[in-house]
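To start, the structure itself, in structure tokens.
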Amino acid sequence: MAVAFVLQRRIIPGVRRFLAILFLAIFAPLAWPVEPRPNIVWIVGEDMGPELGCYGDAQAITPNMDRLAREGARFTRCFTHAPVCAPSRSGLITGQYPTTIGTHHMRSKLIAPPATFTSLLRKEGYFVAWPGKTDFNFDVPKDAFDSTADWTRKLPRQPFFAYVNFVDSHESSIRMMDKFERFTANLTPAERHDPAKMAVPPYHPDAPEVRRDLANYYDLVTAVDHKVGEVLKFLEAQGVASNTVVVLTGDHGRGLPRSKRWVYESGTHVPLIVRWPGHIKPGSVREDLVSFIDFAPTMMALAGVAGPEMKKTTRVPGGADSAYEFYPPMQGVVFLGPETQERKYIFAARDRMDETYDRIRAVRSKQFHYLRNFESQLPYAQRIAYMEEMPTMQVWRRWNVEGKLNGAQKLFFAPTKPREELYDVDADPHEIHNLADSPKHQAVLKELRAALDKWIDETHDLGAVPEAELIKRGLVRDVSERYADRRKAD
Ligand SMILES: [Ca+2]
């Protein structure tokens, strides 16, 4: 009796418990499915603005990107915080303004960068694949990526974050015929743009060179579109499209003068399309403001890391002797999922471009764009050797000398800049009618002026600190040698 009692009370329940645990281990995932964390894919068109069919651009031939917009959300007001490659990417990957961390000059070299969001994703178990461009204004930290191999041929293990950057549409391909021909080799005659039919922005001269540059740019965007189609097909063929968030954007506006390198709409406005099956309604349109600075915290939120996690500070090596003992936390807000926060303004900055110094700051609300020229004594049209190679820039200068430019086209060659610029971007999308002195717009001018002052203060904008001082403080390396020849050439 005693043995039977022990069996019944101790051993049998033990076996039952074991069997019950075994049953749960085998069948629980089937009975209560837990949704796996999504894969994330970023597709970036180099120097690609929102000149896409889905953005209402009748000149564009972009069927794959248009389809992606029909299957996801199209964001109408997404902007980079910096209208040029490296400062733009440094903010994308750190979630911090280049003007805060010291990557605001194009180019420069930050000595002790803050954590990249990709390294944080890796800590959360994500596999990070980042083939191609790593133009961050700092050396790639060892913990940033798992792989730099081409993941579009062999899918990484899940969950993954995978990046792809199509350089086809970079400004150099507009003017370098060997590159242009290579990237557009697969375009059909019907996909090629006729220069005679291109719409020329009112600030550029209507010259054959400008029309040719524009047509080439649109051809290159179509070439990017082909590659976007291949990536989407690959995700579908691999059976992961339904659990993959696809984010499509550019790195800043198109590579033409007064677009790339300028904080106007033409330089900062970028496409943003996000497809997230089951979470984003197909064909939806988001009209709220989104900044590139929001991308890093949003990716962390997609990976299931709560917003407050991202608000922790990251210690910087160097301690009290370096410019900052602590880097500030990620500065953006989340724009996808339940933690979404709507922002009131986006901010953008332009500092030294290659060998040429300037300092401009901008703040934009949904309707108005305010620019402050800290170096108003300098003209817009300072020479930047790399930009001077573009046929549009050359003919623009030539027509200026020849007295062939009209009012809007001449603005770029004014000997000085106004201290402030204000544009109603709904009424004046090309930003050629400065409203800073308009009596009717003084309230909005004051509002945006104050918003910019607050941002400069709160984000510890380093723009006022001379680069030599940043070098002395040990924040960045001296890269001036790189541009010495160009200065001499001028
Ligand atoms: Ca770029």
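Each reported figure results from applying straightforward, stated rules to the coordinates on display, with no laboratory input. This one's a predicted model, so the numbers in the text were calculated from it and none came from an experiment. When we count neighbours, we look across all protein chains shown, and the Cβ atoms used for this are built from the backbone with ideal geometry, even at glycine.
Points to keep in mind about this one:
- Failed criterion for I456 (all others in (1) closer than 17 Å to A349 by Cα; (2) more than 28 Å from the chain's Cα centre (by Cα) hold): (2)
- Helices (runs of 4 or more DSSP H) wholly inside the range 66-160 that include at least 3 residues being within 23 Å of Y264 (Cα to Cα): 85-94, 98-101
- If you go through the range 222-253 and keep only what is of a type in the set (A, V, I, L, M, F, W, C) and assigned to a strand (DSSP E or B), you end up with V245, V246, V247, L248.
Listed here are the residues, each with its yes/no results for (1) polar (S, T, N, Q); (2) within 24 Å of G229 (Cβ to Cβ); (3) in contact (Cβ under 8 Å) with a residue 40 or more places away in the chain.
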{"site": "W262", "(1), (2), (3)": "no, no, yes"}
{"site": "I273", "(1), (2), (3)": "no, yes, yes"}
{"site": "G278", "(1), (2), (3)": "no, yes, no"}
{"site": "P282", "(1), (2), (3)": "no, yes, yes"}
{"site": "R286", "(1), (2), (3)": "no, yes, yes"}
{"site": "A296", "(1), (2), (3)": "no, no, yes"}
{"site": "V305", "(1), (2), (3)": "no, no, yes"}
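- Test result for L256, within 16 Å of the ligand (Cβ to nearest atom), within 14 Å of V164 (Cβ to Cβ) and outside any helix (DSSP H, G or I): no
- Search result, residues across the range 37-62 that are among the charged types (D, E, K, R) and either more than 18 Å from A73 (Cα to Cα) or within 16 Å of the ligand (Cβ to nearest atom) (or both): R37, E46, D47, E51
- Summed over the range 367-406, the residues that are touching a helix residue (DSSP H, G or I) at 6+ places or on another chain (Cβ under 6 Å) and small (G, A, S) give a count of 2.
- Checked against the criterion of being within 16 Å of the ligand (Cβ to nearest atom), touching a residue at least 60 places away in the same chain (Cβ under 8 Å) and over 21 Å from V128 (Cβ atoms), the candidates V224, V167 yield just one match: V224.
- Unmet requirement for V270, which otherwise passes all of (1) in a strand (DSSP E or B); (2) more than 14 Å from the ligand (Cβ to nearest atom); (3) of a type in the set (A, V, I, L, M, F, W, C): (2)
- Restricting the range 228-244 to residues that are under 15 Å from P156 (Cα atoms) and touching a Pro at 6+ places or on another chain (Cβ under 9 Å), the residue that is nearest to the ligand (Cβ to nearest atom): T244
- Total residues in the range 176-198, condition touching a helix residue (DSSP H, G or I) at 6+ places or on another chain (Cβ under 6 Å) and part of a helix (DSSP H, G or I): 5
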